[in-house]
Amino acid sequence: MPPLRDAHAFEISPGVRMPRLGLGTFKVRGEDATNVTLAALRAGCRHVDTASCYRNEAAIRDAIDAWNDETNAEFSAADETSAAVFLTSKLAPSEMGDLARTREALFEMLARLGCLDARETGLEDEKDAETRETSSGKPLDLLLIHWPAKAGASPDDASHAAARRDAWHVLERARDLGYVRAIGVSNYTVSHLKEMRDDVLNVSEENTGTLTQRPKSLPCVNQVELHPRCQQKELRALCAELGVGVVAYSPLGCGELLSDPRVVRCADLIAKELRLDRVTPAQALLAWSLRQKGVVAAVVKSGDPKRAAANVGKEGLAFALRLALNASDGAFEELDEMDDGTHFCWDPSVVR
């Protein structure tokens with residue numbers, strides 16, 4: 001996947017464009033989730049990231065509905081204007097490991113997000129096509145497998161591979177039937193992506209002939225922790241080889257990098273080089289993320305409406321792209337040298 005550093009959105013799948021900065025909503029629930037999402041939308045953000053296990057999908061739907069009412073926005077699947085909100089959600093580990101449960105969880109998610117009326121659910125394959133034809137809801141833009149393991153089993157349990165395949169089958173069918181526009185994974189490592197590649201290409205001797213649900217396609221994106229101390233270079237190289245876009249979460253290192261002297265120096269250097277009054281550490285980190293090869297978008301979590309609007313609003317994205325495009329490689333050199341494999345979130349490499 002070629003770099004497209006100057007675009008405000010990236011085509012992750014035919015006809016599906018993802019805005020390059022998104023609002024992350026982990027640990028933000030209820031009215032707080034509605035308020036921060038609405039503030040971001042009012043500031044021009046058009047990319048919101050949630051998940052089943054965040055337990056805030058209905059609150060985010062309320063924010064999007066309120067914003068649509070304010071602006072009289074109407075959805076079009078082919079809309080390239082600022083009117084469309086790109087929405088991502090994820091299936092939880094507790095929703096994997098049983099094909100029927102995964103399918104049920106998918107329809108419950110679509111109903112919570114307003115993508116499908118609650119009464120329009122179906123669990124049997126033969127009912128799916130009719131359900132989609134009668135649904136009046138907007139398809140979900142992007143659906144991910146949140147974690148490469150099912151809940152309730154040790155990380156080295158061999159059954160995780162079958163759970164991943166079954167969950168991916170459900171996502172593929174949801175995409176093919178039009179319930180979702182694009183599908184991907186999150187927290188997949190090199191080994192997990194190679195497993196998918198081998199399944200799709202039918203070259204894995206260990207798995208050939210034993211798969212209950214053979215994948216037909218690779219994910220369009222892999223959402224992973226990525227920041228200067230966790231640069232995931234080997235993983236990004238494989239993603240590029242496979243045509244999988246990388247979505248960076250925790251680009252600020254869960255806030256831990258904002259006071260790092262190296263990041264502060266980088267921000268000051270960029271400001272001096274571009275003759276700007278000030279560049280904050282957060283702005284420098286976001287610009288660094290958007291400069292990285294293979295990174296199609298970054299998701300920035302915030303529970304504060306003002307901070308969310310500043311980071312991921314229209315002006316925040318424009319400023320981050322300005323820094324990414326105009327600052328020299330030398331200005332970011334110290335950030336490039338920070339990689340030590342530190343995960344501030346979770347390390348999925350322990351999952352078999």
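The values are calculated or read from the model by the stated rules, or taken from the named source; none is laboratory data. No experiment lies behind these values; they were computed from the predicted model shown. All Cβ positions, glycine included, derive from the backbone under ideal geometry; neighbour counts span all protein chains shown. Please note that ligands, DNA and RNA were not included when accessible areas were found on the heavy atoms of the full protein model with its side chains. Shrake-Rupley method; radii C 1.70, N 1.55, O 1.52, S 1.80 Å.
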task = Give me the pairs, please: first residue somewhere in the stretch 94-111 and in a helix (DSSP H, G or I), second residue anywhere and among the polar types (S, T, N, Q) and open to solvent by 10 Å² or more (accessible area, probe 1.4 Å), beta-carbon distance under 6 Å, and either six or more positions apart or on two chains.
result = 107/121; 109/52
ask   = Only one residue in 52, 13 is out of contact with any His (no Cβ under 7 Å at 6 or more places or on another chain), surrounded by 16 or more Cβ atoms within 10 Å (Cβ to Cβ), of a type in the set (Ser, Thr, Tyr) and under 15 Å from residue 90 (Cβ atoms). Which one?
value = 52
task = Could you please find all residues in the stretch 16-33 being under 11 Å from residue 48 (Cβ atoms) and open to solvent by 40 Å² or more (accessible area, probe 1.4 Å)?
result = none
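Taking the stretch 148-177, which residues are outside any helix (DSSP H, G or I) and surrounded by fewer than 22 Cβ atoms within 10 Å (Cβ to Cβ)?
Listed by number, the residues that qualify are 151, 152, 153, 154, 155, 156, 157, 158, 177.
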inquiry  = Report every pair of residues separated by at least 6 positions or lying on different chains whose Cβ atoms are under 9 Å apart, first residue within the stretch 257-273 and outside any helix (DSSP H, G or I), second modelled with pLDDT of 95 or more and hydroxyl-bearing (Ser, Thr, Tyr).
reply    = 258/280
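Could you please let me know if residue 316 is surrounded by 16 or more Cβ atoms within 10 Å (Cβ to Cβ) and not in a helix (DSSP H, G or I)?
no
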ask   = Among the residues of the stretch 115-122, is any surrounded by fewer than 20 Cβ atoms within 10 Å (Cβ to Cβ), under 29 Å from residue 244 (Cβ atoms), modelled with pLDDT under 95 and not β-branched (Val, Ile, Thr)?
value = no
message = Which pairs turn up if I take residues in the stretch 300-327 that are within 11 Å of residue 290 (Cβ to Cβ) and look for partners that are open to solvent by 80 Å² or more (accessible area, probe 1.4 Å) and part of a helix (DSSP H, G or I) with beta carbon separation below 7 Å, at least 6 apart in sequence or on another chain?
response = none
ask   = In the stretch 74-114, what residues are open to solvent by less than 50 Å² (accessible area, probe 1.4 Å), among the charged types (D, E, K, R) and modelled with pLDDT of 95 or more?
value = 90, 95, 103
inquiry  = I need the full set of residues from the stretch 178-216 which are assigned to a loop (DSSP other than H, G, I, E, B), within 22 Å of residue 92 (Cβ to Cβ) and either open to solvent by less than 20 Å² (accessible area, probe 1.4 Å) or at pLDDT below 95 (or both), in order please.
reply    = 179, 187, 188, 212, 213, 215
